[in-house]
Structure formats: structure tokens, C-alpha cells
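Below is one structure, written out as C-alpha cells, with a few remarks after it.
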Amino acid sequence: MLLAVSGRYVMIGLGILNTLIIARLLTPADFGVFSIAVSIVAISSSLRELGISSYLIRIPVLDHAALGRGFAVTMTASLLVGWPIFLARDAIAGFFGEPEIGPLTALLCLNFLLIPPGMGANASLQRQMRFGTLNLLTIVTSVAAATVSITLAATGHGPMSLAIGQVTQYAGQLAWFIAVEPRSVFVRPHFRGASEMIRYGVPSTLSGVVNQGGMYATSIVLGRLLGPAAVGYFERGSGLFSIMNNDLVGAIAQVLFVGIARVRDDAAALGQLFRRSLRILTATIWPAYGVVAALAGPLIALMFGPQWRPATEVLQVLCLAGIISAGYIIYQRLIVAVGAMGRMLAIETAGQGTRLGAAWLLAGFGLAAAACATVISMALLGLLYLLVARRYLAADRRVVAMIYVESAAITALTAAPAAAFVAWGPQGWPPFFTLAIGGTLSLAVWLALLFALRHDVADELRAMLAGLQAWRRPAFTPPAPSATKRLDQGDTP
């Protein structure tokens, strides 16, 4: 259980460590060339999955017939999508004016063949609740991939080292599935009953294409207009943003989803949960993004080296996008909880389409302008989610507005010490000391504000500290009966 819970955060740490090393071995242009190739393959891969993994997990019985049907559908889709990408590799390289993209794309197309055979085994392990095994699989294969990439990068193989590392990871996962769950890997493919599976997967596939397209749109546009080095800088800044947005905000969003799903039919309880969750979320996530934006310069320098400083402005702009996203994620979770998936798909399509168009229009003005495309997209998504969520949630607009105002004030006051220390503190200090002192000052101000305001977050912190103290306090052990005088045996007090 401990491995299952901690595996996600172990992966975050391993990913950061790998990036710390690789960023000092490869140039921004190397990262950019690889990112362009990965973007093309990733968007295409979203057409391959067809929601089959979710289908295999949710069906009542996962037998060999279902596994064979899932393998046949996913492998066919992989060939139909991957083969044209492989054949077009040189044309893709010519479009971006980078010959290296061709061989990289060809190698990454191997993933279309490596992933489908293990999909049934992955679903089977999830159905068995063997999440510790799955997390261990991810950790081991990620370490192997990182080792291969670092070794090849150190010996001068450039962006190809990253591609070989990724293929190594997927090959290792397939080998692991064969060793652990062979009966779910070696199945006879067939298409009997495939129509039901495909109908189930179409909405999921469309959503995946939209999300993947939006995620990688800016990199593709930058690669076309500004070249691979610009893509490399953008990816480093957006990579740090993704860690916060996907792992910190995403974890909180999952908790919110469970709570909302439980009380969605109770208007009073839903309203109370909404107000408290919104207040806690914005007073926690907004200040975190504000401090990261203030310390973006030394953070980039510490993690990747001084040659990556152009990524600073990307991270700062994307922190604004993160603040907007954290402000509407409750509305998004509410829409999912009530099952309005069609409306959610329409909203995401509008938002990601806007991001693509804005990126194409703004990329020519530089990296910060290109990052603004994400801000514009998030702002539109927030507005649309709010308009739809109002149908399911009765909330006083003045109360909601006051929560946003309060959290904005907390964010500004929290980020101010870090920003002031970076601007007016000692210059030339190592980035670590700037981060440590600026971050500590902001943390102290944040805590002081929360306790002074008697904020809900302060209550949560008190409860957490009380729980830790109770856990550390040794339990009282009564003396053994033989060592205790007992009055019922005639002893006198």
C-alpha cells in the first residue's frame, strides 16, 4: 500500500533528477528537436488507445475473449496511425527544417508496436488492485530509461539518447508484463464484439485527441516558426508548470471529485463543500504559483543551469495560467461528477482550439507571448466551466467573489517577500540560497496570514499537526495484571 501511495511522488522525484542531469548534457536545440518528434507521435497515439484500457477495467468479467478483442482493436489502430507517421517522417522533418526529426520519429514509432500487447495485462493488474506492482514497474523501467538516456547523452548521441530511452522504457514495461501476467499478454486476437468496445471508446478518444493536441500545440507551432531551441526553452518552463498543475492540483482535484460525487444530490451539502473547497484550494495553490513565479529565475538556474534562463519567462507566464486553472477546477470536477461528459468535451474542444489558434498568432512575438496562449485558453475554459456549472450549483456570487478577492490578497502578500528578495537582495548569490531565503520568507508570511485570518487552511494545518502528534505519542500500556495489587483478592489500599 505504501508503495502504491508513494509511487507517484517517487516518479516525480526521479523525473526531476533525470532532467537535472540531462539538461546539463544536451543543448536547448537537442531538447527542442526531440520535443517536436514526441509531440507528433503523442498526438497520433491518442487515436490509438480508443479508451480500451478503461473498457477492460469496467467490464464485469475480463476473460481471454475480451483481452483478445482489446488487443486486436488497439494493435489495428496502432498500425493504422503509426504506419503513416513512419512513412511521413522525412516530410515531417522537412516541414520543420530539421533533418534529425526524421530518424527520431521513426524510432519513436516503435512505441505503436510495444504498447498494445501490454494493455490487457495493465488492465488486469489494475482490476486486481495490484497498484504496488504497477508503481514498481514504472519506477524500475523509468530508472532503466533514464540510465540509458544519460549514458548516451554523455557519449554524444544528442536527442537520439532521449528517444532510445523512451523506447527502452516501453520495451521494459512489455517484458515486465510478460513475466508477471503472461496470460493477459499472449492472447488470440479477434474482432467479435469489437463494435461495442469501439463505441465506448470514441468519446474518450476524441477527448484524448483534444487534450493532447492542446498540450503539444505550442511546441509544434514554435518548432515551425522559431526553431527547435525555442521549443527546448518552452518545454523546460512548461515542464515545471506541468509538475505543479498535474501532480499538486491534480491530486487535490481527485479528492474534490470524490467529495462532490458523494453530495451531488444534496444542494445544501454541495454548496457548503463548494465554498470550503474553493477557499482552501485558492488560498493554497494560488500562493504556491505566485512564489514560483517570483523565484522562477533562480529555480530554472538551479535545476537546469544558466544556459536555460530564457525558460524563466515561460514559467512565470504559465504560473498565471495555473492560477486561472486552479480557480475553475472545482467547476470542472462538478461537471464530471454529475456525468455531463458531452458538455465537458465541448468545453475542452473550444479551449484547446483557442490555445492552438492563439499560439499560432502569438508565437512569432517570442516565448512569453507563446505562453500567453495557454493563459488565454485557461481564461476561456474557466468562463465556460463557470457558465455550465451554475446549472448544477446554487452559490451566492458575492460570497464566491469575496473568496477570490481574499485569496488574491493572500497570494500577493505571500509572493511579495520572495519577489523583493530576488529584486533587491544580494546579487550573485548561488540560486539555492536565493530560493531558500526567498521561499522561507514567503512561507512565514503565508502562515502568519492564514492564522491571523483564522482561515480554513489554518484549521486543516492544526488538524494535520494534531494527527502527527497523536501518531508520534507512544500509546499507554497498562501494567501487567500480575504486577498489580487487586482489591478483589483481599489486598488493602
Show me the helices (runs of 4 or more DSSP H) entirely contained within region 70-121 in which 2 or more residues are closer than 22 Å to Gly201 by Cα and assigned by TED's automatic domain parsing to the domain that holds Arg188. 111-114
Condition set buried (at least 17 other Cβ atoms within 10 Å of the Cβ) and touching a Phe, Trp or Tyr at 6+ places or on another chain (Cβ under 9 Å), scope region 137-157, selection nearest to Leu104 (Cα to Cα): answer is Ala145
Apart from one, (1) modelled with pLDDT under 90; (2) surrounded by fewer than 19 Cβ atoms within 10 Å (Cβ to Cβ) all hold for Ile52; the odd one out is (2)
Among (1) among the β-branched types (Val, Ile, Thr); (2) out of contact with any helix residue (DSSP H, G or I) (no Cβ under 6 Å at 6 or more places or on another chain); (3) closer than 30 Å to Gly438 by Cα, the one test that Thr374 misses: (2)
Members of region 86-142 that are within 18 Å of Gly172 (Cβ to Cβ), in contact with an Asp or Glu (Cβ under 9 Å, 6 or more places away or on another chain) and small (Gly, Ala, Ser): Gly118, Gly120, Ala121
Just to be sure, is Arg58 assigned by TED's automatic domain parsing to the domain that holds Thr155, basic (Lys, Arg), modelled with pLDDT of 90 or more and over 23 Å from the mean Cα position of the chain (by Cα)? no
Test set (1) surrounded by 18 or more Cβ atoms within 10 Å (Cβ to Cβ); (2) over 22 Å from Gly239 (Cβ atoms); (3) among the hydrophobic types (A, V, I, L, M, F, W, C); (4) without any contact (Cβ under 8 Å) to a residue 24 or more places away in the chain - Leu441 fails condition number: (4)
Pull out all pairs, ordered by first then second residue, where Cβ-Cβ is under 8 Å, the residues are six or more apart or on different chains, the first lies in region 424-435 and is assigned by TED's automatic domain parsing to the domain that holds Ile300, and the second is aromatic (Phe, Trp, Tyr). Thr434/Phe421
If you scan region 354-364, which residues turn out to be over 20 Å from the mean Cα position of the chain (by Cα) and within 16 Å of Gly382 (Cβ to Cβ)? Thr354, Ala358
What pairs can you find where one residue is in region 376-389 and farther than 12 Å from Ala340 by Cβ and in contact (Cβ under 8 Å) with a residue 60 or more places away in the chain, the other is crowded, with 19+ Cβ neighbours inside 10 Å and basic (Lys, Arg), and their Cβ atoms are less than 9 Å apart, with a gap of 6+ or different chains? Ser377/Arg355
With criteria (1) under 23 Å from Pro310 (Cβ atoms); (2) small (Gly, Ala, Ser); (3) over 20 Å from the mean Cα position of the chain (by Cα), Ala346 comes up short on (1)
Examine region 290-311 for a residue that is in contact (Cβ under 8 Å) with a residue 60 or more places away in the chain, closer than 22 Å to Leu383 by Cα and assigned by TED's automatic domain parsing to the domain that holds Ala394, and state whether such a residue exists. yes
From the list Ala412, Ala416, which residue is in a helix (DSSP H, G or I) and loosely packed, with under 14 Cβ neighbours inside 10 Å? Ala412
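The values are calculated or read from the model by the stated rules, or taken from the named source; none is laboratory data. Note that the structure is a prediction, hence the values are computed from the model and not measured. Cβ sites come from the backbone with ideal geometry, for glycine too, and all protein chains shown count toward neighbours.
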